[in-house]
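Participant: Take a look at the following structure, please.
FYI, it's all coordinate maths here, none of it is from the lab. Please read all numbers here as calculations on a predicted model, not as lab measurements. Because the Cβ atoms are built from the backbone with ideal geometry, glycine has one as well, and the counts that use them run over all protein chains shown.
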Amino acid sequence: MKALLLVVAGCAATAPSPPPLVAPPPPVAAKTCDDAAIGFAAATIAMHSPDVSLTEPVRALCASDHWPAAAIECFSGMGADDLVKCAKQLPGNGRDALYRELSGTSDEATVDVTRARLAKVDVGIVECDQFVAEVSVVLTCDRLPIEQRVSLGNQTVELWDLPTKRLTADVYSRMARACGDSLAGLKQAATSAGCMP
């Protein structure tokens, strides 16, 4: 029995000690409305006058509209070309409020916001969707006066931000024809202004 206890005691003495406990990494802090506002303001600085600060108004919109975490995350790391991507993370009324805030800063910002709004327009008629896409391209042409671009963009958004589903075949056909004619006219005007190759 004494020999058995010595063997057991010997085994216990040579058993490896357990590895030391490692503390888990600290949790990554969730982004906040402050982070989203700072990211948004930094990414949109080229769209508005440097005298205009959007940080506080955007932070207030984020907090009052209870932006979803995905939107806050997107705006926190927003790049100059991410307005549409991040704005899509917001519900319609939150997106519209953000666009209104940015639009009021300059005509150039209004054009950028209009292009963002046009990006979400889906008429469902090929010719009309082509017209909307072409308007978005023409809005970037500096050879057209800014007032004309703002007007064209706003009219297009207001006209096509309407429900166009469940149309009769006749209405669908007339709309396709009208959009095709509008597209041809837009291309001709843009070419005359030097906006098209």
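Participant: Would you indicate which of (1) 245; (2) 307; (3) 200 is the value of volume of the Cα convex hull per residue in Å³ derived from the coordinates of this structure?
Facilitator: Computed from these coordinates, volume of the Cα convex hull per residue in Å³ corresponds to label (1).
Participant: Of Leu162, Leu98, Leu61, which has the largest mean-square fluctuation in a 10 Å C-alpha GNM of the chain?
Facilitator: Result for the chain, Cα springs under 10 Å: Leu162 fluctuates most.
Participant: Sum up the charges of everything whose Cβ sits under 14 Å from the Cβ of Val137, counting Lys and Arg as +1 and Asp and Glu as -1, but leave Val137 out.
Facilitator: Values: positive: Arg115, Arg143, Arg149, Lys187; negative: Asp112, Asp129, Glu134, Asp142.
Counting the neighbours of Val137, the net charge comes to 0.
Participant: When the Karplus curve 6.51 cos²θ - 1.76 cosθ + 1.60 is applied with θ = phi - 60°, which whole-Hz ³J(HN,Hα) does each residue of the range 135-149 get, with x for Gly and Pro?
Facilitator: Coupling constants for the range 135-149: 4, 4, 5, 4, 4, 7, 7, 6, 6, 8, x, 4, 4, 5, 5 Hz.
Participant: Moving to a separate point now. Nothing charged except the Cβ atoms of Lys and Arg (+1) and of Asp and Glu (-1): what's the magnitude of the dipole of the range 121-197 about its Cα centre? Round to the nearest 20 debye. Before the final figure, lay out the partial values.
Facilitator: Details: 7 positive and 10 negative charges, 27 e Å.
I would put it at about 120 debye.
Participant: Another one. Using modelled amide H (1.01 Å from N, peptide plane; none on Pro or chain starts), what sits under 5 Å from the amide H of Met196, excluding residues fewer than 5 places away?
Facilitator: Thr191
Participant: Return the whole-Å distance between the Cα centroid of the range 112-146 and the Cα centroid of the range 174-190.
Facilitator: 13
Participant: Could I ask something else about it? Listing Asp181, Asp112 from the residue with the fewest other Cβ atoms within 10 Å to the one with the most, what is the order?
Facilitator: Asp181, Asp112
Participant: Oh, and also: Report the label-to-label distance for Ser53 and Arg177 in nanometres (one decimal), using points 7 Å from each Cα along the Cα→Cβ vector.
Facilitator: 5.8
Participant: Same structure again: Return the FRET efficiency for the residue pair Ala80, Ala30: r is the Cβ-Cβ distance, R0 is 22 Å, and the value is rounded to the nearest 0.05.
Facilitator: FRET efficiency, Ala80 to Ala30: 0.35.
Participant: Rounded, prolate or oblate: pick one for the range 65-112, where a ≥ b ≥ c are the square roots of the eigenvalues of its C-alpha gyration tensor, a/c under 1.5 means rounded, and failing that, prolate if a/b is larger than b/c, else oblate.
Facilitator: Judged from the Cα gyration tensor, the range 65-112 comes out oblate (a/c at least 1.5, b/c at or above a/b).
Participant: Which FRET efficiency value, to the nearest 0.05, is calculated for Ser151 and Asn93 with the Förster distance at 22 angstrom and r the Cβ-Cβ distance? Intermediate results must be reported in sequence, preceding the final value.
Facilitator: Values: r = 25 Å, r/R0 = 1.13.
Here the calculated transfer efficiency is 0.30.
Participant: Tell me the mean residue ellipticity at 222 nm calculated for the chain from its helices only (DSSP H runs of n ≥ 4, each -39500 (n - 2.57), averaged over every residue, nearest 500).
Facilitator: Result for the chain, helices only: -20000 deg cm²/dmol.
Participant: Continuing with this model, one more query. Can you pick out the pairs among Lys120/Lys187; Lys85/Lys165; Lys85/Lys187; Lys165/Lys187; Lys31/Lys85 whose Cα atoms lie more than 20 Å from each other?
Facilitator: Going by Cα-Cα distance, Lys120/Lys187; Lys85/Lys165; Lys85/Lys187; Lys165/Lys187 fall outside the 20 Å limit.
Participant: Moving to a separate point now. Short version: ³J(HN,Hα) in whole Hz for each residue of the range 105-121, in order, from phi by Karplus 6.51 cos²θ - 1.76 cosθ + 1.60 (θ = phi - 60°), x for Gly and Pro, what are they?
Facilitator: Per-residue couplings from phi come out as 8, 5, 5, 4, 5, 4, 5, 4, 5, 4, 4, 5, 5, 5, 4, 9, 6 Hz.
Participant: Under 10 Å, Cα contacts only: if you run a Gaussian network model on the chain, which one of Leu144, Leu167, Leu152 comes out with the highest mean-square fluctuation?
Facilitator: For the chain, modelled as a Gaussian network with Cα springs under 10 Å, the answer is Leu167.
Participant: I'd like the Karplus ³J(HN,Hα) series for the range 79-95: coefficients 6.51, -1.76, 1.60, θ = phi - 60°, whole numbers in Hz, and an x wherever there's a Gly or Pro.
Facilitator: Once rounded to whole Hz, the list reads x, 4, 9, 9, 4, 5, 4, 6, 5, 5, 7, 9, x, x, 5, x, 5.
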